[in-house]
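Data first, discussion second: the structure below is written as structure tokens.
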Amino acid sequence: MANQNKELFPVVHWFPGHMAKATRMIQEHIKKVDVVIELLDARIPRSSANPVMIDTIGNKPHIIILNKADLADPMMTKQWIEFFKSKQLSVLAMDSKVGNGKKQLIKLVETLSEPIMNRWVQKGIRPRSVRTIILGIPNVGKSTLINQLAGSGATRTANKPGHTRGQQWVKIGKNLELLDTPGVLWPKLEDQRAAARLAMTGSISDDVYDLESVIQQLIETILTIHPQSLIERYKLKEEQLIDAPSIIEHIGRRRGCLVSGGIVDIDKARRIILTDYRSGKLGAMTLDRVDEERYYVED
């Protein structure tokens, strides 16, 4: 097994000035909203939960969206939903690319904000639009979700971590305003397993981590939870599933990743595997398990 405590990238690279500034702005905005929507990657619900934001949310009405559910194991997603519900948290599984669950999300926001609106009425104040903020790490699908809720022209999206611009309010119908925010990580990614999984799913820029270590851990995880996917995708034989280096070698040869002398271009083969995982070509797969260790909310 790979040493999972090996530092995959210098932590300082992933809390630059713009990210620190964005975090402070988000913390200020949370104080002004009625409901918080937090997007987690359904493949890595634990690893994609920003502990800084968890502390900031406090007692605000809070909805968790397990996004990219189409790329996650459906049975594991059900387990995660039950886990969050056991913590008295509101949770939905969604695929923001196609917008399934939009009506349920809007209804849930309305339900959670109803006590707040009622207090306004009791004070003789005309209720304003419900204000909610959408939080999440880079590349988790925040802007895509807003596009689905408000229309394709609402925000621009790009499949690069942290690409969405500064905070902006987006009107949804007559009674709801959403605040889109930049994707931010937290100051220290001390859990190297979580860091690796963030890299695997594309929430950390590809040029700042150790590709060799990340792919080794990805293959080792796949060998544990769904080895058949490697056989089916790359036409491998079961006896070829020895270890990560040999699997990469076999895949490289299968895909013609060769340089002069018939030597496999290992980096090219690694990137093929990474791209296939991210796009779901290796099957719907969840890396974070509910029973792995403590997750998100402590009892």
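Taking segment 116-152 as the range and being in a loop (DSSP other than H, G, I, E, B), among the aliphatic types (A, V, I, L, M) and out of contact with any Asp or Glu (no Cβ under 8 Å at 6 or more places or on another chain) as the test, only 125 passes.
Show me the helices (runs of 4 or more DSSP H) found entirely inside segment 1-99 where at least 1 residues are over 19 Å from residue 205 (Cβ atoms), modelled with pLDDT under 85 and not hydrophobic (A, V, I, L, M, F, W, C). Show your work before the answer.
Working: elements: 17-30, 51-57, 74-86.
Of the helices (runs of 4 or more DSSP H) lying wholly inside segment 1-99, those with at least 1 residues that are over 19 Å from residue 205 (Cβ atoms), modelled with pLDDT under 85 and not hydrophobic (A, V, I, L, M, F, W, C) span 17-30, 51-57.
Summed over segment 19-51, residues that are surrounded by 17 or more Cβ atoms within 10 Å (Cβ to Cβ) and either basic (Lys, Arg) or under 19 Å from residue 193 (Cβ atoms) (or both) total 11.
The values are calculated or read from the model by the stated rules, or taken from the named source; none is laboratory data. Everything quoted here is computed from the prediction, not taken from an experiment. For neighbour counting, all protein chains shown are included, and Cβ atoms are generated from backbone atoms with ideal geometry for every residue, glycine included.
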